[in-house]
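The block underneath contains the structure these notes are about, expressed in structure tokens.
Values in this text are rule-based calculations from the coordinates and carry no lab data. What you see is a predicted model, and the numbers here were worked out from it, not measured in a lab. Here the Cβ is made from the backbone with ideal geometry for all residues, glycine too, and neighbour counts use every protein chain on show.
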Amino acid sequence: MNSHWMTNGRDPDDDALLRAMFAEGDRPPYGDETFVKGVMARVEKQASSAQAWRAAAAPALIAFGAAAFYPLLGPVGAVIGQAAAPLLQNAPAIGAGGLSLLMAAAAAGGAWLYAERT
Amino acid sequence: MTPGTDEALAKEAKRGSTAAFESLVRRNQSLVRGFLRRLTGSAAAADDLAQETFLLAWRRIGSYEAKGSFKGWIVRIAYTQFLQERRSRQSAARRDEAYMMDAETVQNDAAGVEAKLDLDRILALLSPEQRAAMALCYGEGMSHQEAADALGLPLGTVKSHVLRGREKALQALTPREVRA
């Protein structure tokens, strides 16, 4: 912050007068705790309601995701299982149902992570 | 970044620390409220806007980047809030009511009253942009560049606002006040 520019080619007394008027006229006090407490009460309220929303939204998102994708789990699982079968020849066989369960768990985890971050 | 600076506190607030944000409010409330008082001409309306400014700052703290000063960032939010409020017809009506209430509760200190009246007289002559530029440059000691960054205006525009506002202000003051 500087104010040397104000004196360039102008009467410094005029600038000093304006500075005094703008700086001193009706300025709120530093450390006005009443104002600070008022703001922080609203901030805390907002922070806690955001937290509550996240806490409620995560299970809701998971439930919605599960409900929306449940009918597709079987067919999608079968397709992926078929595609992955050559890679899993030596591994214990994973049926379409097992794969569906894995996908549901991954989707739920993703939804929970998303809710936590937003 | 030095610990304890506004920028360091803002970084902590970004991580969710309400204690750090409270320190920022405590440090900057006088600046923001003073600036908004120059713009609105009303202590009550300015304090309402200042509350909204800090609340919005808390919501947007995640987008704060410590490239510029925190002061500049918060003043910019305050100025945007003021412009939005000004555009709203409903809010303008409420502000007028606040002006009326303020006129009734003006402080009793004689020198303070005289100074406030002079300032009010000057502010009434200035456009909002001139008021904002002069409040930052004269009231807060910001450079033209800092004021331009805070207001989101080109440097030349801010210089012009300050120059024209200064001319109007000096014309409004009596010779005694200017040359005493």
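Remarks
- Peptide A:58-66 has a mean of 0 when you count, residue by residue, the C-beta atoms of other protein chains within 10 Å of its C-beta.
- Cβ-based exposure ranking for A:L17, A:L113, in which fewest neighbours within 10 Å come first: A:L113, A:L17
- Peptide-level mean, for A:33-39, of C-beta atoms on other protein chains within 10 Å: 6
- Pairwise FRET efficiency - B:K67 versus A:K45, Cβ, R0 = 25 Å, nearest 0.05: 0.25
- Links that overshoot a 20 Å alpha carbon limit, given the list B:K71/B:K168; B:K67/B:K159; A:K45/B:K14; A:K45/B:K71: B:K71/B:K168; B:K67/B:K159; A:K45/B:K71
- The trypsin sites (Lys or Arg not before Pro) of the stretch B:35-71 meeting both criteria, a DSSP state outside H, G, I, E and B (loop) and at most 11 other C-beta atoms within 10 angstrom of the site's C-beta, are B:K67.
- Local electrostatic count, B:Q51, Cβ distance below 10 Å [Lys/Arg +1, Asp/Glu -1]: -1
- Computing FRET efficiency as 1/(1 + (r/R0)^6) for A:A83 and A:L113, where r is the C-beta to C-beta distance and R0 is 30 Å, gives about 0.70.
- Ranked A:I80, B:I61, B:I74, criterion: other C-beta atoms within 10 Å, fewest first: A:I80, B:I61, B:I74
- Average other protein chain Cβ within 10 Å of Cβ, residues B:18-31: 4
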